[in-house]
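Asker: I'd like to ask some things about the structure below.
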Amino acid sequence: MHLSTKAAALTGLSFAALVTALPALAASLDAPSKVDAVVVYPDAAQVTRVTEVEIPAGATSLVFKGLPMALDPASLRVEGVGGAPIQIGSVEARVAPVQQEPVESSLSEKLRKLVADREITQARIAALQSKKTMIERYAQASPEKLGDKAAPLDVEKWSGAWDAVGEGLAKLAEENQTLRLRLANIEQEIRAVQASNRTPSPRNQPSRDVTVDIEASGATKARLVLIYRVAGAGWQPLYDARLESKGNSKPMLNLVRRAQVSQRTGEDWSNVELSVSTVRARRGTQAPDVLAQRVKIFEPPPPPLPRPMARSAPGRQANEFASGTIAAAPPAPASADALREERAKEVEATVEASAYEAQFRIPGRIEVPADGSSRSLRIGSQTIEPTLMVKASPSLDTTAYLEVGFTNKDEAPILPGEVNIQRDGTYVGRGVFKLIAPGEDAKLGFGADERVKITRVPLSRRETSATWLGANRTERQDFRTTVRNLHPFAVKVGIVDRIPISEDSNIVIEPLSTNTAPTEKTVDERRGVMGWTFDLAPNTSREIRLGWQVRWPKDKQIVTEPLPDNVQR
């Protein structure tokens with residue numbers, strides 16, 4: 001069927017209008033980028049990538065290739081500047097196709113050549129050994145067998161024979177040493193190639209490509225910033241707490257904050273601006289909804305139908321591995337000569353705090369590889385005038401421990417973490433911080449105080465059996481705790497002890513009238529736990545009496561057990 005001239009003209013006009021109306025296809029342009037800045041959260045990281053690229057006028061699709069698979073596509077943000085007006089359109093993240101390695105890789109070829117060289121070298125070493133054996137046999141032969149036609153060798157030729165044997169053995173030894181050294185080098189190269197072959201190639205690792213559609217009014221050089229959040233990174237707080245009390249009228253506490261940063265995101269952070277933040281980026285953003293509950297009669301489900309037993313694969317066993325952590329050795333105290341020299345200073349971060357976040361910015365440029373190795377960075381310090389107390393729980397341990405109390409006057413919270421504790425330059429162990437908000441009080445143990453002696457002795461323990469006059473049995477216990485201060489100065493002492501409690505109305509527990517009244521009837525809101533706080537002068541002692549009486553039905557047996565922590569209060 002042939003179109004008329006008018007219809008053909010109309011069709012051509014419509015096609016031209018359609019082509020004119022269609023937008024030009026955007027050109028795709030690779031955007032080589034580098035990581036410029038990273039903010040590390042305790043459970044994630046925010047990465048800032050920068051690229052500078054020449055873009056043409058019109059629409060362009062910039063492709064950031066090889067970004068980590070752990071990237072959160074919902075967190076992608078793009079900013080940019082250029083010499084001409086630029087509009088940023090859609091941002092899309094796609095999983096990049098994995099590049100397959102060739103069947104015959106360069107590593108396999110290199111390994112084959114090394115194995116061939118090893119076999120040749122081993123054969124040459126065996127040949128030298130055979131040659132050495134022949135020379136040694138020649139040296140052991142009697143002179144009459146060395147001449148022509150088994151005739152004795154002339155005496156004047158014996159010296160030449162000896163020289164020939166010696167030179168031959170020396171040359172063989174030198175060649176043998178050279179070959180064995182070469183064989184050792186080949187073995188080392190083979191092990192290195194095999195290890196490299198077992199390591200997955202970066203090209204085989206899944207990654208993401210991010211495409212950013214932009215449109216420029218004219219050709220220009222643009223600087224674009226790509227920001228995204230990535231999993232597989234984090235930091236843990238570490239602390240150094242140093243108490244100085246020698247030669248000072250007042251003790252001083254120096255608290256140093258450190259951040260232990262590590263990451264396995266799939267991309268190396270090299271020469272980047274690094275910050276650590278106290279915000280947990282992957283925690284929920286609001287309180288959970290509380291749903292209604294109902295109580296009903298429990299109806300057990302019907303018993304399951306019997307199932308045939310599955311046969312386990314022969315030879316298959318489950319292996320369990322136990323992993324441990326070796327505590328790092330405490331730093332050695334500085335010598336007197338080192339103290340007279342100029343002491344090196346650690347670089348410290350600057351803190352930017354708000355009502356809901358504290359961010360520590362590390363000065364300079366930092367490198368954190370993607371292999372999971374950790375890097376410890378100093379992020380802050382504060383000098384505190386603490387309060388000291390000698391504290392003990394004599395019902396469990398009669399050791400007196402030095403406890404340091406202070407108020408967190410920093411702008412940032414003290415996050416939970418381990419504390420390396422030093423007292424007057426001596427490492428005494430490790431402690432643990434719980435979360436301490438700015439302005440909140442904190443306590444930290446600094447080891448045993450050997451100059452405060454504590455004893456706890458039972459004064460009486462009596463159990464009375466039930467008689468025909470009474471239907472109950474009773475038990476009475478009484479203890480005396482003695483605290484003695486052997487310091488040349490007064491100390492503040494805190495003693496914590498307990499009386500058992502009863503949640504059964506048939507068991508009655510009564511404190512004795514001889515008890516020393518506690519200064520704190522309930523310690524940390526724990527029932528039955530009480531405390532005594534007092535100042536103790538030098539070379540003096542103080543006694544605390546604590547006892548109770550238990551009454552229960554004669555036909556019952558009682559036991560004492562610890563109360564679970566979740567029902568202490």
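Read the figures in this text as sums done on the coordinates, not as results from a lab. From a predicted model like this one, the values you see are computed outputs, not experimental measurements. Please note: Cβ atoms are built from the backbone with ideal geometry, for glycine as well, and neighbour counts cover all protein chains shown.
Asker: Taking only the alpha-carbon positions of region 418-520 and ignoring solvent, what does the Debye formula give for the base-10 log of I(q)/I(0) at q = 0.24 Å⁻¹?
Answerer: Values, matching the q order: -1.38.
Asker: Give the distance, in whole Å, between the Cα centre of region 518-544 and the Cα centre of region 45-100.
Answerer: Rounded to whole Å, the Cα centres lie 65 Å apart.
Asker: How charged is the neighbourhood of Asp209? Take every other residue with its Cβ under 12 Å from the Cβ of Asp209, and add Lys/Arg as +1 and Asp/Glu as -1.
Answerer: +1
Asker: If each residue of separation counts as 0.36 nm, what is the full-extension length gain between Gln205 and Val115 once their alpha-carbon separation is subtracted?
Answerer: Residue separation times 0.36 nm, minus the Cα-Cα distance, leaves 29.5 nm.
Asker: If N is the number of residues in region 350-488, what value comes out of its Cα radius of gyration divided by 2.2 N^0.38 Å? List each step's numbers first, then the result.
Answerer: Working: Rg = 24.2 Å, N = 139, 2.2 N^0.38 = 14.3 Å.
Against the compact-globule rule of thumb, the ratio is 1.69.
Asker: What's the exposure ranking of Arg94, Arg423, going from fewest to most Cβ atoms within 10 Å?
Answerer: The order, fewest Cβ neighbours first, is Arg94, Arg423.
Asker: Starting from the alpha-carbon convex hull of region 452-567, give the projected area averaged over all orientations, in nm².
Answerer: Here the figure is 8.5 nm², rounded to one decimal.
Asker: Calculate, in nm to one decimal, what Met252 and Thr464 gain on full extension: separation in residues at 0.36 nm each, minus their alpha carbon distance.
Answerer: 70.9 nm
Asker: Grab the other residues whose beta carbon is less than 12 angstrom from that of Lys221, score K and R as +1, D and E as -1, and report the net. Could the numbers behind the result be given before it?
Answerer: Values: positive: Arg223; negative: Glu52, Glu54.
Value of the local net charge: -1.
Asker: Determine, for Val193, Val95, the number of other Cβ atoms within 10 Å of each Cβ, and report the residues in order from fewest to most.
Answerer: Listed from fewest to most nearby Cβ atoms, that is Val95, Val193.
Asker: Go ahead and collect, in residue order, the members of region 492-526 whose backbone nitrogen is under 15 Å from a label point 7 Å along the Cα-Cβ direction of Thr387.
Answerer: Backbone N within reach: 492-495, 519-520, 524.
Asker: Arrange Asp478, Asp43 by Cβ neighbour counts within 10 Å, fewest through most, would you?
Answerer: Working: Asp478 18, Asp43 15.
So the residues, fewest neighbours to most, are Asp43, Asp478.
Asker: Can you pull the one-decimal nm distance between simple spin-label points at Ala57 and Glu215, each 7 Å off the Cα toward Cβ?
Answerer: The modelled label-to-label distance comes out at 1.5 nm.
Asker: Net charge within 11 Å of Lys34 by Cβ-Cβ distance, Lys/Arg positive one each and Asp/Glu negative one each, not counting Lys34 itself?
Answerer: Charge balance near Lys34 sits at -3.
Asker: Still on this model: Between Glu520 and Leu181, what length in nm is gained on full extension when 0.36 nm per residue of separation is reduced by their alpha carbon distance?
Answerer: Values: separation 339, 0.36 × 339 = 122.04 nm, distance 7.73 nm.
My answer for the length gained is 114.3 nm.
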